[in-house]
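**Student:** Below you'll find the structure I mean.
The values are calculated or read from the model by the stated rules, or taken from the named source; none is laboratory data. Everything quoted here is computed from the prediction, not taken from an experiment. Positions of Cβ are generated from backbone atoms using ideal geometry, with glycine treated the same way; all protein chains shown enter the neighbour counts.
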Amino acid sequence: MATLASLHSNGTWLLPPARSDRQVEVQALLTTIHLTNEDDFYEWEIEGRVHQNYSIGMVYANLRVQGPAVTWCNIVWNKGGIPRHSFLTWLFVLNRCPTRDRIISWGLQTSPLCLFCNTAPESRNHLFFECPYTWNIWSVMALRCGITPERNWSRSLDQLHAMSSRSPKGILTLLCWQGCIYWSWSERNGRLHRNIFRSPESMSRFLDRQIRDRILSFREQNPRAMMQQWLS
C-alpha cells in the first residue's frame, strides 16, 4: 500500500496533476500538513467517527445515494432468485433495457415491431406480457404456480407484490416470473442477432427444467412444498 510519505520528498509534495475540482481541494489541504519522521498509521473516518478497521459495507452505505423505498424491492431481490435473472428484472422494472421503443426515442433508425409477434410496437409492457408469444409462456407457468396471471405490466407487479416473497408459493412464483422475463429477452436477442427461433413450447420446457433444478438446490426454503406445487 502506498504511504503518504512516498508522495513527499525534501519538504515538497510529489503529486500528480489534479483531474477534478475535488482533487484540487485535497491537494490544497495536503500542502497545509507538516510531515514528521514518525511511522505512518491508518485511520478511516466515516461520518465524523474514526474507525481502526476498514469496512466495505460502511463505506458503501456512506457513498451510495439514498433513495426512497420502492414497493417492488422484494419481488426483484429475494433469496430464492437467480442473480442474473434478478438483475435483468431490475433493469426492466426501471425500464432501462434497449427495447425498440426506447431505441427509437434515442433517434436511432430501427423497425418498431416486436420480434415475436411482428404486429405491435416493441416495448417493455408489450413484451411482458401483452405479446401473445410471451403470454403463452407466462400464463402456463403462472398456473403451475397456483395463480391466475395478469397480462398488464403494472397489475402484474401489484399482484406479485401482494404475495409473500418468503412463502414457498411466493418464492416459486417470483422464480418463474423472473425466468420468463430473462429467457424471453434472451430469445428476443437470439432472433435479432443470431436469427435463432424457438417456439413457446420449447421455451416452456427449458424453463421447466431450470425451475426444477433451482428448487432442488434450495436448503433453507421448503423445496418439497415448492416441487409439489410445481409438479401438480
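**Student:** Kindly list, by first and then second residue, each pair from a residue in region 98-118 that is β-branched (Val, Ile, Thr) to a residue that is assigned to a loop (DSSP other than H, G, I, E, B), limited to pairs with Cβ atoms under 7 Å and residues at least 6 apart or on different chains.
**Tutor:** Thr99/Glu122; Thr99/Ser123; Ile103/Thr110; Ile104/Thr110; Ile104/Pro112
**Student:** Of all residues in region 170-200, how many are in a helix (DSSP H, G or I) and surrounded by fewer than 17 Cβ atoms within 10 Å (Cβ to Cβ)?
**Tutor:** Qualifying residue count, region 170-200: 6.
**Student:** Within region 41-79, can you find the residues that are touching a residue at least 60 places away in the same chain (Cβ under 8 Å), surrounded by 10 or more Cβ atoms within 10 Å (Cβ to Cβ) and assigned to a loop (DSSP other than H, G, I, E, B)?
**Tutor:** Within region 41-79, Trp72, Asn78, Lys79 meet the criteria.
**Student:** Here's another thing I want to ask about it. Could you tell me which of the residues Arg155, Arg96 is of a type in the set (D, E, K, R), out of contact with any Gly (no Cβ under 7 Å at 6 or more places or on another chain) and either surrounded by 18 or more Cβ atoms within 10 Å (Cβ to Cβ) or assigned to a helix (DSSP H, G or I) (or both)?
**Tutor:** The unique qualifying residue is Arg155.
**Student:** Read through the list (1) part of a helix (DSSP H, G or I); (2) at pLDDT 90 or above; (3) under 30 Å from Arg219 (Cα atoms), then give the number of the only condition that Arg102 fails.
**Tutor:** Of everything listed in (1) part of a helix (DSSP H, G or I); (2) at pLDDT 90 or above; (3) under 30 Å from Arg219 (Cα atoms), Arg102 misses just condition (3).
**Student:** (1) loosely packed, with under 15 Cβ neighbours inside 10 Å; (2) in a loop (DSSP other than H, G, I, E, B): which one isn't true of Ser165, the others all being true?
**Tutor:** (1)
**Student:** Name the residue that is surrounded by the most Cβ atoms within 10 Å (Cβ to Cβ), counting only residues in region 201-217 that are among the hydroxyl-bearing types (Ser, Thr, Tyr) and over 22 Å from the mean Cα position of the chain (by Cα).
**Tutor:** Residue satisfying both the conditions and the ranking: Ser204.
**Student:** Here's a follow-up. Among (1) surrounded by fewer than 20 Cβ atoms within 10 Å (Cβ to Cβ); (2) without any contact (Cβ under 8 Å) to a residue 60 or more places away in the chain; (3) not in a helix (DSSP H, G or I), there is one condition Glu220 misses while meeting the rest; what is its number?
**Tutor:** (2)
**Student:** Could I ask something else about it? Looking for whichever is under 28 Å from Glu220 (Cα atoms), modelled with pLDDT of 85 or more and under 16 Å from the mean Cα position of the chain (by Cα) here; the options are Ile75, Ile56. Which one fits?
**Tutor:** Answer to the check: Ile75.
**Student:** While we're here: Within region 131-148, is even one residue small (Gly, Ala, Ser), at pLDDT 95 or above, part of a loop (DSSP other than H, G, I, E, B) and touching a Cys at 6+ places or on another chain (Cβ under 9 Å)?
**Tutor:** no
**Student:** Still on this structure, please answer the following. Can you tell which of Gln23, Gln27 is touching a Phe, Trp or Tyr at 6+ places or on another chain (Cβ under 8 Å), surrounded by 10 or more Cβ atoms within 10 Å (Cβ to Cβ), part of a helix (DSSP H, G or I) and at pLDDT 80 or above?
**Tutor:** Exactly one residue qualifies, and that residue is Gln27.
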